[in-house]
Amino acid sequence: MAERRNNIYFFYKRDEKTSAQVKSLIDLANEHEFNIVNDYRNANIIVSIGGDGAFLQAVRKTGFRDDCLYAGISTHNSLSFYCDFHIDDIDKMIEAITNERVEVRKYPTIQVTIDNSTSFYCLNECSIRSSIIKTFVMDVFIDELHFETFRGDGMIVATPTGSTAYNKSVNGAVVDPLLPCIQVSELASINNNHYRTLGSSFILSGKRKLTLKISPEGNHYPIIGMDNEALSIRHIEKLDISLSDKVIKTVKLKDNSFWQKVKRTFL
Ligand code: NAP
Ligand code: MN
């Protein structure tokens, strides 16, 4: 029988205002017989306080744990994509934590492998962008097929939940997180008689692998972003990107489906 998840780790910016807000959450958690742990490795519930950016950091800093339930609490004016709770709406939190049979929602993540060695996960997207005022060139492969040679500012490879973030700003489609897939969108590609790219975003099945081979010509390397963090390694030749086996689990609430969030946020 599954034991009750009751070790909570709070992830937040340790400033005065947020610390005060967290204090009341800790009291609430204690009242409901939860343990507050100071080390995320001992947690089975990880709660981020802030916005979507804080949630992305909470997931990254705690190692994309698929044996934990993540929950985002918004301290902004409104709810956001990863924050299903608002800091002022205690009732909703109590309802969720006291409900033994909460439904779990699973968000796909992507796995990026660099030069056949180091790999990392992304919940929103992996972005690759020129770091100087010049274009760079890369060869794009789908599985083993050479698909196109890209020259321009860069590319975004987004998860379904990341489709409403950076990907959307460059006219990518919004994708239902129930579809396990990755979306590839261009950043200002050059299209002429030498360089030709598809031009539109494309969506790959979760079974495919996207490979980006960065051309060393020009001898400057693009910058790689994993959600809201830049990768410190710069001299990269090849990225293999695919859907990962890991999913991020969050609490599924009533009247808060992905499409309700899309409507609430954009329409
Ligand atoms: P940021 O630059 O401070 O915030 C970008 C905005 O995107 C914030 O309003 C953030 O919400 C929101 N956001 C984050 N994830 C989202 C999602 N899945 N769906 C809809 N909106 C989302 O950076 P940040 O707060 O650390 O967030 C990092 C993300 O920003 C990156 O993963 C990337 O997707 C996005 N980004 C977008 C652009 C662009 O659109 N031109 C450029 C760079 C990065 P909160 O205010 O709740 O944090
Ligand atoms: Mn933010």
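For the peptides 163-174, 138-149, the ranking by packing is 163-174, 138-149, with the highest mean count of neighbouring Cβ atoms within 10 Å listed first. The portion of the accessible surface of the range 130-258 made up by carbon and sulfur, rounded to a whole percent, is 51 (1.4 Å probe; DNA, RNA and ligands excluded). Derived scalar couplings between HN and Hα for the range 93-110 equal 5, 4, 4, 5, 7, 8, 7, 4, 9, 5, 7, 10, 10, 10, 9, x, 10, 10 Hz in order, rounded to whole Hz, by the Karplus curve 6.51 cos²θ - 1.76 cosθ + 1.60 (θ = phi - 60°), x for Gly and Pro.
Taking a ≥ b ≥ c as the square roots of the eigenvalues of the Cα gyration tensor, the range 7-100 is classed as rounded, since a/c falls below 1.5. Against the chain, whose longest principal axis comes from its Cα atoms, helix 52-61 is set at around 90 degrees.
Each Lys and Arg contributes +1 and each Asp and Glu -1, all at the Cβ; summed about the Cα centre of the range 64-175, the dipole is approximately 340 debye.
Remark on the chain: ratio of C-alpha radius of gyration to 2.2 N^0.38 Å is 1.09. The residues of the chain have, on average, 51 Å² of accessible surface per residue, using a 1.4 Å probe with all protein chains present.
Sequentially through the range 249-257, phi angles give Karplus couplings (6.51, -1.76, 1.60; θ = phi - 60°) of 9, 10, 6, 8, 9, 5, 6, 9, 5 Hz, Gly and Pro residues having no value and appearing as x. Given +1 at the Cβ of Lys and Arg, -1 at the Cβ of Asp and Glu and no other charges, the dipole of the range 7-100 around its Cα centre is 540 debye to the nearest 20. For the chain, the longest principal axis of the Cα atoms and the long axis of helix 16-31 meet at an angle of about 50 degrees. Value of Rg to Rh for the range 169-267, rounded to two decimals, is 1.01; Kirkwood radius and Rg both from alpha-carbon coordinates. Looking at the chain, the DSSP beta bridges with both ends there are about 75 percent antiparallel.
The values are calculated or read from the model by the stated rules, or taken from the named source; none is laboratory data. Treat the numbers as computed from the prediction; the structure is a model and nothing was measured. Methodologically, a virtual Cβ is constructed for each residue, glycine included, from the backbone with ideal geometry; neighbour enumeration extends over all protein chains shown. Quick note on the areas: whole protein, heavy atoms, side chains included, nothing else; ligands and nucleic acids left out. Shrake-Rupley method; radii C 1.70, N 1.55, O 1.52, S 1.80 Å.
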